[in-house]
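Worksheet for the structure shown next.
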Amino acid sequence: MAWMSDLVRDHTDLDGDDLVWLQLLMADWQIVADLSFADLVMWLPDRDGRGFWAVAQMRPTTGPTALVDDVVGDFVEAGQRPLLDGALRHRKLLREGDPEWRDDVPVRVESIPVQRGGRVIGVIARSTNLLGVRTPSRLELSYLETASDLTRMIAGGQFPVAGQRSANADSPRVGDGFVRVEADGRVRYASPNALSVFRRLGHRGDLVGVNLADLTRALVPPRRRPDEETLSAVLGGRAHRDAEVATDAVAIILRTIPLRPYGDHVGALILLRDVTDLRRRDRELVTKDATIREIHHRVKNNLQTVAALLRLQARRIDEPAARAALGEAVRRVGSIAIVHETLSQVVEENVDFDQVAERLLRMVIDVSAAGERITVRATGAFGTIPSEVATPLAMVVTELLQNAVEHGFGALDDPEASGSGRRGRAAGGRPAAGRRRGRRPRASGGVRPRRGQRSRAHHRADARRVRARGPAGARSP
């Protein structure tokens, strides 16, 4: 599928600001499609004047589609669609007198010029499946009237509102709850779903004729609603933005789009959505994340306690081999504790292993017999890795560093210990990127004297030769 930005760049003479304007319109035109019960296709004129390119398409969720196929990327020659040519030339909405027949389905087609900065940059073709037209009721009539206002605003360059694109992933849709308010903020029409939302807030009467801002103030405590200026602007229909109000039992998102089809403010479209279940799940996720971090914190504390007991026991043993074995156990337990401590400080189940590797390097050097004579240096980067890989990798790095420190020195006067990490290459020789199958992080640890020393010892191992099994039995890097 061709991307709109690619089609705009390759086939039109629109600039970056025009593209941003179109993207703002695309962000909100699902509302126009649902209110119109119609499909929308954005056609942009070719830079050479040969015709139009279809760069975007939207189907309604409130009715049947009139376009079975995806037309994005299609090209229509000039003169083949007179409505497109007429809307571009005359800068006004045009409608066919008789419906088109597409696959035995009657379709009414309209063209809406998209104006920006005093010039038409595109044309929206609105296609309505007449077989799916429902019997008009107050709901359908209110939808169509509001859709007509929005299309006139598009043709006049007043919609979308620059800089007011909704960034809320939970933003309400037309079917969630629809309210049409007058210019003074009083409700002109409310859909059954919108009425149900306010019933859950505690309202027992009808909404028609009620000032929505005053009603919300009476139902929602001040601590659970926006400031007075925002509340009045949103529920009064004067600002294009989102807001959230809630009681102890119900949470609601509201979105307002002011309507100015002829330049003057005539009212607003307000969409509502009950997000009580979503907020409850969000709280559960926050609680779950906090619980996981607390578990990692307690595991870290327990491991540090075990390491301290092993260290205490090692001091009471005279046998050198037994003391060395307990010392190795202390370092291994400590390396696992470092991983859990890192996991207890982040929300994601991923670990910045660079920090872990640096702490492991310092820990191994600190507890070594020659620690006070060793200069520590770390180079390279492991990056972020999943937690199920971090623990075995930490143990591997600890073993490498521990072996390097124990067997790499001898009688050196000024030794240097270095630890380095880098990403390996995936199977087949291709560079690894992200968490792809086959990626093998490499780890190396070494000790060497500074330049000028009489001897040199170096220990290196490649993590490709050491693999740990994950929880499901699969091999982990």
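Please treat every number below as a calculation from the coordinates, not as lab data. None of these values were measured; they are calculated from a predicted model. Cβ sites come from the backbone with ideal geometry, for glycine too, and all protein chains shown count toward neighbours.
To the nearest 0.05, how large is the calculated FRET efficiency for GLU96 and HIS265 if R₀ is 41 Å and r is the Cβ-Cβ distance? In this case the efficiency is close to 0.80.
For region 174-274, list log₁₀ I(q)/I(0) at each q in 0.13, 0.16, 0.24 Å⁻¹, using the Debye formula over Cα point scatterers of equal strength and ignoring solvent, two decimals each. Log10 of I(q)/I(0), two decimals: -0.38, -0.58, -1.39.
Given R0 = 30 Å, the distance between the Cβ atoms of LEU131 and ASP69 translates into a calculated FRET efficiency of 0.95. Could you put TRP29, TRP101 in order, starting from the residue whose Cβ has the fewest other Cβ atoms within 10 Å? Placing the least packed residue first, the sequence is TRP101, TRP29. Residues THR398, THR276, THR12, ranked from the fewest to the most other C-beta atoms within 10 Å, line up as THR276, THR12, THR398. Here the gap between THR305 and ALA322, fully extended at 0.36 nm per residue and compared with their Cα-Cα distance, gives a gain of 4.1 nm. Panel order for TRP43, TRP3, by other beta carbons found within 10 Å of each beta carbon, from fewest to most: TRP3, TRP43.
Its Cα centre serving as origin, region 174-274 has a Cβ charge dipole (Lys and Arg +1, Asp and Glu -1) of approximately 160 debye. Around the Cα centre of region 28-75, unit charges on the Cβ atoms of Lys, Arg, Asp and Glu (plus for the first two, minus for the last two) sum to a dipole of about 80 debye.
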